[in-house]
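Just below is one structure, and these are the notes that go with it.
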Amino acid sequence: MAFSWSGQLATAVFNTWWTKDGGYAMWEGLGCCGLSTTDVDYQGSFPIVALFPELKLSQMRRIIAHQDAVGRVPHNYSGDPDLVDRGFARVDMNPQFVMMVYRDYLWTGDKEYLAFMWEYIIKAMAFTESLDTNGDSLPDKDTGLQTYDQWAMKGTPSYIASLWIGALRCAIHIASNLMKNDEVKHWSDLLEKPSINFDKMLFNGQYYSLWVDNDLRDELCMTDQISGEWFCCMIGLPTTINKNNLAMVLDKIFENNFNPEFGLHNATAPKGGKELTMLTNLQAGGVWSGIEFAFASLLIDQGRYTEGLEIVNAIYNRYLRAGQLWNHVECGGHYSRAMSSWCTLLAATGFKPNMPDKTLTLIPKISGDFHAPWITASGFGTIDRTGKVLKVSCNYGLLNFQNLILGMTSPSVKIDNHILNFHSTSKDAVTTLSFTEQVSINAGQILFIK
């Protein structure tokens, strides 16, 4: 697990691109595919926003300046940061962009950044909303091209629909923070319908179908079928899809798509039939470690640490056999999507900051004692648990919050020997502590929770 957190950071070193005017980007794959690739940054940029947030925010500002007239988000650029490619038709990028903007805001609290992005968010959301032609509030038009670009889909794919629901959830929070009440109401009214229809139309009793197009269905079991749910879980948003369905989907993806020797396939055909022929597609039958790490982190976040660890071990052993532990391959070597490995750290420690609300969620999903790092723009340190005592140590900088969300009841909290006063509320084994004043853990200090 510890290697998965740090091993792919080698890609950040190898793939970083600098321009004379101070611009920053990262190769999608080392020297290939393009730079600042939106649909790959979606998974791979979590460590960048934690370690170097100013770089991530500047890169997002630069790429979105090329948004086209109808609101489509740019794909990437090659060599010249002022000239993007023609990949606007990838339908997953608009919702991914919106979700990344909100993630960046939660991690940095940079409201100026949020305000700068607002006009682009409005256009991005409007374009994806326009892809619904049958009134169910789910995209069903021009949904074939996306990050799985050799794997054409039809109608309403679960992958695209899940991203759209995730974008709506994030856009509502963005609009609320900017006091854009009309958009809050519009997107809030809109959210309920696609959430219901996602379960109603796409769930086949075991998992979400690959796509539904009127009376036609494709029953491939895609690992990435609830990608929007994964991203929202990583940033601390509650689920909007049926919880029983979510639990069963996790079961079936792991049961059908995971093999401890090869890893986690992008898709399998558990129902057989014509879908079996689709697995000859390189991307359908392949194993992409960036997707594997993301799904492993979702399992861990949902309290299934052992299964998530099995996936992490399978990835490690596969690349150990190949002699490429630091160099994961998808489209080219040092593929940046694999930096989603950082999400296994976030999920395992349950470390989810919300800087604008001065709130820190800390609900570790590792059972027993553990030792792990935490990192934000303001500082870094360690999280330790020994017995029933959870410790947050600051090694550099500081960590601020006024609300602390924990997975324990009736805790006591102190910094070093200073006891902290708070008001607490509990629901479903989750306790929120609201402190009388902002808590600051400075370098050399330790927060004790027990």
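The values are calculated or read from the model by the stated rules, or taken from the named source; none is laboratory data. Only a predicted model underlies this, so the values are computations on that prediction, with no experimental measurement involved. Virtual Cβ from ideal backbone geometry, glycine too; neighbours counted across all protein chains shown.
Here are the numbers for the structure shown:
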| item | result |
| --- | --- |
| Top-ranked residue in region 409-450 [being of a type in the set (A, V, I, L, M, F, W, C) and farther than 22 Å from GLY381 by Cα; ranked as surrounded by the most Cβ atoms within 10 Å (Cβ to Cβ)] | PHE422 |
| TYR77 vs. criteria in contact with an Asp or Glu (Cβ under 8 Å, 6 or more places away or on another chain), modelled with pLDDT under 95 and not hydrophobic (A, V, I, L, M, F, W, C) | yes |
| All positions within region 1-28 that are in contact with a Leu (Cβ under 8 Å, 6 or more places away or on another chain) and among the aromatic types (Phe, Trp, Tyr) | PHE3, TRP5, PHE14, TRP17, TYR24, TRP27 |
| Answer from PHE295, PHE231, PHE262 - the residue that is in the same structural domain as GLN43 (by TED's automatic domain parsing) and over 25 Å from ILE196 (Cα atoms) | PHE262 |
| 3 or more residues within 19 Å of ALA338 (Cα to Cα) and either under 17 Å from the mean Cα position of the chain (by Cα) or not hydrophobic (A, V, I, L, M, F, W, C) (or both): qualifying helices (runs of 4 or more DSSP H) within region 260-327 | 289-301, 305-322 |
| Residue within region 377-385 that is touching a strand residue (DSSP E or B) at 6+ places or on another chain (Cβ under 8 Å), of a type in the set (Asp, Glu) and not assigned by TED's automatic domain parsing to the domain that holds HIS265 present | yes |
| Filter pass, GLY444 being small (Gly, Ala, Ser), outside the structural domain of TYR102 (by TED's automatic domain parsing) and part of a strand (DSSP E or B) | no |
| Flag for GLY368 being surrounded by fewer than 17 Cβ atoms within 10 Å (Cβ to Cβ) and over 27 Å from ASN242 (Cβ atoms) | yes |
| Residues satisfying the stated conditions in region 307-343, i.e. closer than 19 Å to PHE262 by Cβ and hydroxyl-bearing (Ser, Thr, Tyr) | TYR316, TYR319, TYR335, SER340, SER341 |
| Extreme residue, surrounded by the fewest Cβ atoms within 10 Å (Cβ to Cβ), among residues of region 11-27 that are under 22 Å from the mean Cα position of the chain (by Cα) and within 18 Å of ASP82 (Cβ to Cβ) | TYR24 |
| Test for GLU261: is it acidic (Asp, Glu) and under 28 Å from GLY332 (Cα atoms) | yes |
